[in-house]
Amino acid sequence: MKRVAALGTGLLLAALAGAVDTTPPLPTAELQQRYDGMIHELRCVQCQNEAIADSPVDLAADLRRQVREMLMAGKSDDDIRDFMVQRYGDFILFRPRMGLRTIWLWAAPAVLLLAGLIAALRVLRRRTRLAAGDVAPLEDDS
């Protein structure tokens, strides 16, 4: 029984050692919730497809610290996003804002869907015309 308890304790300590964000919680639950939301919507510019909350690199740790400091200073979520975009570009946001530079991100799915529908309709019309013009029997009775 002691071995099982020791194994469980060891696994728990190993899991805690592998945690990325080891900073103490913020003073209020609201600030902590905003902090958690912000670090999950900002992309690590070094890892590129990970949120700064999940990234173990030093740059992500610096960005988490910066977000924490800005929240403690009373900055709004929009202020923090604006600061990060000004410093690192639109790439840092997992959900980029609608703008002249990012409009293609928002329009591309609709354009591709429309092109797919047009192509499907053209194929269906051609097949219907081919089927209507085909009068040859399917089998030979001879």
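The values are calculated or read from the model by the stated rules, or taken from the named source; none is laboratory data. Keep in mind that this is a model prediction, so the values were computed, not measured. Cβ coordinates were reconstructed from backbone atoms using ideal geometry, including for glycine residues, and neighbour counts include every protein chain displayed.
Odds and ends about this structure:
- Pair list, Cβ under 8 Å, 6 or more apart: region 72-95 residue among the acidic types (D, E), other residue assigned to a loop (DSSP other than H, G, I, E, B): D90/P96; D90/R97; D90/G99; D90/R101; D90/T102
- If only residues of region 25-71 that are β-branched (V, I, T) and touching a residue at least 12 places away in the same chain (Cβ under 8 Å) are counted, the one that is farthest from P96 (Cα to Cα) is V57.
- Those residues of region 119-142 which are at pLDDT 75 or above and of a type in the set (S, T, Y), in sequence order: T128
- Restricting A110, A119 to residues that are at negative phi, loosely packed, with under 10 Cβ neighbours inside 10 Å and assigned to a helix (DSSP H, G or I) narrows the list to A110.
- Filter result for L105 (of a type in the set (A, V, I, L, M, F, W, C), outside the structural domain of T23 (by TED's automatic domain parsing) and surrounded by 13 or more Cβ atoms within 10 Å (Cβ to Cβ)): yes
- Residues in region 62-83 that are within 19 Å of the chain's Cα centre (by Cα) and surrounded by 12 or more Cβ atoms within 10 Å (Cβ to Cβ): L63, R64, V67, D77, I80, R81, D82.
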